[in-house]
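The values are calculated or read from the model by the stated rules, or taken from the named source; none is laboratory data. As the structure is a prediction and not an experimental result, all values here were calculated from the model. Reconstructed Cβ throughout: ideal geometry from the backbone, glycine too, with neighbour counts over all protein chains shown. Note: accessible area is taken over every heavy atom of the protein model, side chains too, but ligands, DNA and RNA are not part of it. Shrake-Rupley method; radii C 1.70, N 1.55, O 1.52, S 1.80 Å.
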Amino acid sequence: MVKFIADVGSNFNESLEEALKYVRRCAEIGVDIVKFQCWRAEDLFAPEHPSYEILKAHTWGLPLEWHREVKEEADRCGIKFSTTPTQPYQVEKLEEIGVEIYKVASGDLTFHPLLREINRTGKTVILSTGMAYLHEIEEAVNLLRDCKRIILLHCVSLYPPDYSEINLRAITTLKEHFPHCEVGLSDHTEDDITAILSVALGITYIEKHITFSKDLPTPDASFAMDFKAFKNMIERVKRAEISLGKGNKIPAPSEKLERIWARRGAYTKRDLKKEESISPKDIVFLRPAKGIPPELEDKIVGKRLKKDKAKGSALFLDDLA
């Protein structure tokens, strides 16, 4: 079954209490993993970056010192907790609070020092692959070889991306090249079309950003799903998954009765007498399929009747001599 990752990102809006509310609400709507991001502007950006001063002025990455309380809340709510470290030193701190699932952002797929540190934990790792070439993913997967599970997420690192650039068929490529990895989708579109389509490609995880309000003054709110939309997506994805079935071409259990009512059987077009020889003009094939099926027409024509048959009667093989 597909698992759902809700990425809170910056949408806890610099509030620990809001972060805890996200965890509780995610559990209520059926999210499997609630994810935060562990970053500070000085861990990610050089001062010359145009966004540096704006990002430095806010706490839009969940502070390390809040992680324990937020993880404990997830434990109480019965859902998994994950976070995205952005520097190797953070991993040691996260190990101390028992983080079981690490997330690597697309931008850090080539940040090998971070990958090596996560690999030392041996924990489950979710690796987003936005902006990446296949050989870069291969290098990253090799560096994470000691992790007990590697979940690759096809991703387009645009916020939001245009549908023409989603390239969902890359999911198949990832599945073929990394058969020992699970493959999912990290989706930044504002609806659930691509998420539902990806189910048919065999994904096992769907990650979407989540927000209490798209009007929050945070970097992630505008393209995130609100809780109502996220819950609807979960329900629609589950219906899509059920709809795929097992692939064997047989009548559905509830379709078996319809085989009688929708298919045809032989009926007499006029009154027929015992010993009369049946011609093609004497029979018609109608619904329901009570009489001899049309594929056995050659077993009817030219045969003699064992008994009288009234017009409109279903004609059976036992009626024929």
(request) Taking the chain as the reference, fit the longest principal axis to its C-alpha atoms, fit the long axis of helix 112-121 to the helix C-alpha atoms, and give the angle between the two in degrees, 0 to 90, nearest 10. (result) 70
(message) Quick check on the chain: helices-only [θ] at 222 nm, where DSSP H runs of length 4 and up contribute -39,500 (n - 2.57) each and the sum goes over total residues. Nearest 500, please.
(response) -9500 deg cm²/dmol
(request) For segment 228-291, just list the percent of Cα-Cα distances falling in each 5 Å bin from zero outward, please. (result) 4, 13, 12, 12, 10, 9, 9, 8, 6, 5, 4, 3, 3, 1, 0
(request) May I ask which residue of Trp39, Gly122, Pro219 lies farthest towards the positive end of the charge dipole of the chain, with charges of +1 (Lys, Arg) and -1 (Asp, Glu) on Cβ and the Cα centre as origin? (result) Gly122
(message) Compute the angle between helix 64-77 and the longest alpha-carbon principal axis of the chain, please, reported from 0 to 90 degrees and rounded to the nearest 10.
(response) 30
(request) Grab the Cα-Cα distance for Glu139 and Asn167, subtract it from 0.36 nm times how many residues apart they are, and report the gain in nm with one decimal. (result) 7.9 nm
(message) Using 5 Å bins from zero, what percent of all Cα-Cα pairs in segment 184-257 falls into each bin?
(response) 3, 15, 22, 18, 13, 10, 7, 5, 3, 2, 1, 0
(message) Using a 1.4 Å probe on the protein heavy atoms only, what accessible surface does Thr121 show? Give it in Å² to the nearest 10.
(response) 30
(message) Compute a Gaussian network model of the chain, connecting alpha carbons closer than 10 Å, and tell me which residue from Ile210, Ile151, Ile97 fluctuates the most.
(response) Ile97
(message) Which one, Gly30, Thr83, Ser51, is farthest towards the positive end of the dipole of segment 1-106 when Lys and Arg carry +1 and Asp and Glu -1 on their Cβ?
(response) Gly30
(request) Rank these by accessible area, largest first, 1.4 Å probe: Met131, Met1. (result) Met1, Met131
(message) Taking R0 as 45 Å, what FRET efficiency do you get between Asp271 and Ser157 from their Cβ-Cβ distance, rounded to the nearest 0.05?
(response) 0.05
(message) Apply the a/c threshold of 1.5 to the C-alpha gyration tensor of segment 87-136 and tell me whether it is rounded, prolate or oblate.
(response) prolate
(message) Can you give me the long-range amide H partners of Gly291? Hydrogens built in the peptide plane at 1.01 Å from N, cutoff under 5 Å, separation of 5 or more residues or another chain.
(response) Gly265, Ala266, Leu315
(request) Run through all the Cα pairs of the chain and give the fraction in each 10 Å bin from 0, expressed as whole percent. (result) 5, 22, 25, 14, 5, 7, 8, 8, 4, 1, 0
(request) Over segment 222-321, give the accessible area per residue in Å² for a 1.4 Å probe, as an integer. (result) 69
(message) Roughly how far apart, in whole Å, are the Cα centres of segment 69-114 and segment 307-321?
(response) 76
(request) Can you tell me the order of 70-83, 28-41, 229-242 when each peptide is scored by its average per-residue count of other Cβ atoms within 10 angstrom, highest first? (result) 28-41, 70-83, 229-242
(request) May I ask you to evaluate 6.51 cos²θ - 1.76 cosθ + 1.60, the Karplus curve with θ = phi - 60°, for each residue of segment 37-44 and list the ³J(HN,Hα) values in order in whole Hz, giving x for glycine and proline? (result) 10, 9, 8, 10, 4, 6, 7, 10
(message) Once each part is reduced to its C-alpha centroid, what is the distance from segment 133-195 to segment 17-37 in angstrom?
(response) 23
(request) Pairs of Cα atoms under 8 Å, at least six residues apart: use those to get the relative contact order of segment 171-232, whole percent. (result) 29
(request) Quick one: which residues, 5+ away or cross-chain, put their amide H under 5 Å from the amide H of Thr124? H built at 1.01 Å from N. (result) Tyr102, Lys148, Arg149
(request) Identify the residues of segment 259-286 with backbone N under 15 Å of a label point that sits 7 angstrom from the Cα of Asp308 along the Cα-to-Cβ direction, or state none. (result) 270-276
(request) Take the solvent-accessible surface of the protein heavy atoms, probe 1.4 Å, and return the percent of it on the chain that carbon and sulfur atoms account for. (result) 50
(request) Restricting things to alpha carbons, find the Rg to Rh ratio for segment 30-169 using the Kirkwood radius for Rh. (result) 0.97
(request) Just need the Rg to Rh number for segment 1-75, please, alpha carbons only, Kirkwood Rh. (result) 1.04
(request) Go through segment 203-219 residue by residue and turn each phi into a ³J(HN,Hα) via Karplus (6.51, -1.76, 1.60, θ = phi - 60°); whole Hz please, and just put x for glycine and proline. (result) 5, 10, 9, 10, 10, 9, 6, 10, 8, 6, 8, 6, 9, 4, x, 10, x
(request) With an 8 Å cut-off on Cα pairs and a minimum separation of 6 or more residues, tell me the relative contact order of the chain in percent. (result) 14
